[in-house]
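Take a look at the structure set out below.
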Amino acid sequence: MRSIAAEEVTQQGKDATSGRPGPSGTEDTASAGRRAAPRQPDPRTEVIQAMDELPDHHLTELLVSYDRLGGMNDINRHNMPSKRAVGQLCEDLLQLLFPGYHDDDAFPDGMLPSLTAERLFSVVRRLQEQVRKSVRIGDPKRPTGKTAPIIKRFTGALPSVRERLQTDIEAAFEGDPSALNREEIILAYPFIEAIAIQRLAHCLYEEGAPIVPRMMTEWAHARTGIDIHPGAQIGSHFFIDHGTGVVVGETCRIGNHVKLFHGVTLGARSFAKDEAGHIVKGTKRHPDVEDHVTIYPNATILGGETVVGSHSTIGANVFLMQSVAPHSLVIYEEKQLRFLDKRRRGRNEGLEYSI
């Protein structure tokens, strides 16, 4: 499978290690030093050897699978948005939301206006390019001229997103006794990154921008372990304590002053299907959570018709598929939970733990 490029690499490797005289006809001291030192294996040689040992049909079969199965970002078909570019946009958007908190140092005195203008311009230019690419997925000939108004309305929403995030920070400070100050919450709490990106992505989702909002929340999901779909509607003073393993589905509607703990799932109970057996999309699949609700760890609440009434508390490990009236407390009662003295176990009682 050796190509012309491989032959060139081989020749370069020979030239680099042969100790040939330079243009002046004499060896320079660096070449002499290299000859005197123990010869190190050339990684290029190892690559060439591996290419020689690779059966030709492996490459052929891989190329055939591209045509047969797809999964390519072909510039002539889509030129889809870049995961890396969207991830960098998320980083930069966090810098716009929390100036100085996501930088190596605090911004210099008096530089905030110019620094913000520079960052905002950069974000607008790159975000518009990613959204423009996303609208062509599935239809390469689709016009992309309507992306500019989407981005304009998105940037106009940034101040209101910051205001909503301030209520989330306040909810975390008031709801977590370990929080020493609000700065700690911005710097160290993963849920702030997750909800900040979700609130930004929700703006794009509401404007009809495809794919990119989901890429944004999945970037946050990978970093924080918190999976909130960009379509979810979330009110003010939202707090996720710890956060790992939380899942909030696309059609969830969450009110104000709601607190979730780690492992909570607000998911779909079942999927409607058409006559051909395909899943019907666009239906209400996920529950609603009204104001002032607390949901403890690992609770699972499912169904598009399920409503958790205001001022309710859902206990840990509860599995719920029906609505709950306001001011309800839903828990599992302890049954067969026994507390034994380990020092006495195994002597004569023959007792075992049972739960």
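Descriptive notes on the structure:
- Sorted by Cβ density within 10 Å, fewest first, the residues Arg84, Arg162: Arg84, Arg162
- Close amide H pairs (under 5 Å, H built 1.01 Å from N) link Val324 with Val307, Val308, Gly309, residues at least 5 positions away or on another chain.
- Of all aspartates and glutamates in the structure, the ones whose alpha carbon falls short of 13 Å from that of Lys133, not counting any fewer than 8 places away in one chain, are Asp74.
- Net lengthening on full extension, Ser328/Gln166 (0.36 nm per residue, minus Cα-Cα): 55.4 nm
- By the count of other C-beta atoms within 10 Å, a proxy for reagent exposure, Ser114, Ser310, Ser178 are ordered fewest to most as Ser178, Ser114, Ser310.
- Calculated diffusion of region 232-355, Stokes-Einstein form, Kirkwood radius summed over Cα pairs, 20 °C and 1.002 mPa s, µm²/s: 132 µm²/s
- Charge tally for Asp291 (other residues, Cβ to Cβ under 12 Å; Lys, Arg +1; Asp, Glu -1): 0.
- Relative intensity, log₁₀ I(q)/I(0), of region 79-226 from a Debye sum that treats every alpha carbon as a point, q = 0.14 Å⁻¹: -0.70
- Charge tally in the Cβ shell below 10 Å around Gly255, where Lys, Arg are +1 and Asp, Glu are -1, Gly255 excluded: -2
- With the simple model of a label 7 Å out from the Cα in the direction of the Cβ, Ala222 to Phe319 spans 3.3 nm.
- Mean separation of Cα contacts under 8 Å, 6 or more apart, over the residue count of region 198-339: relative contact order %: 15 percent
- 9 Å beta-carbon shell around Ala194, net charge (K/R +1, D/E -1): -1
- For region 185-239, the square roots a ≥ b ≥ c of the C-alpha gyration tensor eigenvalues yield an a/c of 1.5 or more together with a/b not exceeding b/c, which makes the shape oblate.
- Likely footprinting exposure, Met216, Met80, fewest C-beta neighbours within 10 Å first: Met80, Met216
Read-outs throughout are calculated quantities, based only on the coordinates presented, and are distinct from any laboratory measurement. Remember, predicted model here, so these are calculated numbers, not experimental data. Please note: Cβ atoms are built from the backbone with ideal geometry, for glycine as well, and neighbour counts cover all protein chains shown.
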